[in-house]
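Report on the following structure.
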Amino acid sequence: MRTAIAAFLMLGSLMGATVPRKMGEFGFELPNGRQALLSQYKGKTILLSFFSSTCPHCQTASKFIEKMSKEFGPSFQPIGVCFDPMAKLLMGEFIQKQGLTFPVGAATNEQVLEYVQHPSGMIPYVPMFVLIDKTGMIRAQYQPGINDDFFKNLDANLHAEVKKLVTGVSTPAPAKAPAKTSVVTTKPAVTAAKR
């Protein structure tokens with residue numbers, strides 16, 4: 001009986017984060033050295049994205065997020081946080097190369113993994129996404145290695161989730177995008193950092 005309970009608890013810890021849950025505070029350092037807080041953006045639909053500054057999947061995803069920020073306007077607030085070991089040094093270049101206008105900063109590996117409730121013992125892959133509604137509730141969270149189906153058609157799935165929170169109207173994502181337009185392959189994304 002104890003073995004079954006231990007196995008169940010272990011399986012639960014591998015399944016990922018508790019959703020929905022109240023948005024906790026999260027601080028990150030902007031390129032100018034100032035500290036930004038997630039709570040500054042409460043009242044908007046927030047897409048909190050965790051990147052590695054050298055990850056090609058993160059670069060592609062950030063460009064798509066930039067397009068969504070223009071589409072959804074001021075009621076939508078994307079935020080990017082780089083948490084690879086060189087994040088503070090490379091985030092300025094990451095922002096410039098992708099032409100990003102939304103806030104992008106840096107945080108430590110430990111801060112990010114704790115915030116997303118990353119299962120211990122699993123390698124974290126990026127990009128990771130946390131969707132927060134206007135009331136400050138985390139409504140969805142997606143991580144490669146945990147939610148792989150979401151990443152097979154990332155652009156359409158991410159757009160549908162953001163649209164649902166911004167407008168309050170649910171529209172299903174297309175069943176499958178053509179292989180040429182897929183942002184993320186079925187292989188795991190770049191490893192951000194090992195715990």
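No lab work stands behind these numbers, since they all come straight from the coordinates. Worth saying up front: this structure is predicted, and the values here are computed from it rather than measured.
Checking a compactness column here: for the stretch 54-112, what do you get for Rg(Cα) / (2.2 N^0.38 Å), N being the number of residues?
Working it through for the stretch 54-112, the quotient is 1.11.
When the gyration tensor of the stretch 32-173 is built from Cα positions, what are the square roots of 5 times its three eigenvalues, in whole Å, from largest to smallest?
Semi-axes from the Cα gyration tensor: 21, 18, 15 Å.
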